[in-house]
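Nothing in this text is a laboratory measurement; each read-out follows from the coordinates by a stated rule. Computed from a predicted model, the values in this text were never measured in an experiment. Cβ placement follows ideal geometry from the backbone for every residue including glycine, while neighbour counts extend to all protein chains displayed.
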Amino acid sequence: MSLGTRRRSRGRRADLPVNAEINVTSLVDVAFTLLVIFIITMPILQGGIEVSVPRADVQALTSQDRPFYITVTADGTIYMEESVVTLEQLESGLGQVLSAGDIERVFLRGDSLAPFGPVLRVIATTYNSGVSWSMVAEPYRGN
């Protein structure tokens, strides 16, 4: 008898209308959560040393396979890519990095509030290494 009642209950369930709607509320919540996470983490993933380069009437940099940056911060600290170096380490290490890698151009970034002495010494060291180099600046727009 229990078998018959099971069949009847299944038959009753079959009479209920089928709901074919998809609830996308949770999907939208997950998509917005991921969007917020990506918006927050993208500046962190870019890395690099934060400097406020001066504004000038310059053209935008073109894309390269691997740009190489030497940075002087506002307090006069020198960075080769993301590593802190002294001027002596820069002089000895720059030649080694250039001979070991496929670096065609070095980009010099100097903070607008950096002392001129360390920036000038970095320019002279880069010039004496024989590699092509460029100074990085923010494009100046109008007034």
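Using a 7 Å offset from the Cα along the Cα-to-Cβ direction at both ASP57 and LEU87, what is the distance between the two label points in nm, to one decimal?
3.3
Fewest first, what order do MET80, MET42 take by the number of other Cβ atoms within 10 Å? Each step should come with its number before you reach the end.
Values: MET80 18, MET42 9.
Neighbour counts put them in this order, fewest first: MET42, MET80.
Residue-wise, which Karplus ³J(HN,Hα) couplings in Hz belong to region 96-104, taking 6.51 cos²θ - 1.76 cosθ + 1.60, θ = phi - 60°, and x for glycine or proline?
So the Karplus estimates, Gly and Pro as x, are 5, 5, 5, 6, 8, x, 9, 8, 9 Hz.
What ranking do TYR69, TYR79, TYR140 get, fewest neighbouring Cβ atoms within 10 angstrom at the top?
Sorted ascending by nearby Cβ count, the order is TYR140, TYR69, TYR79.
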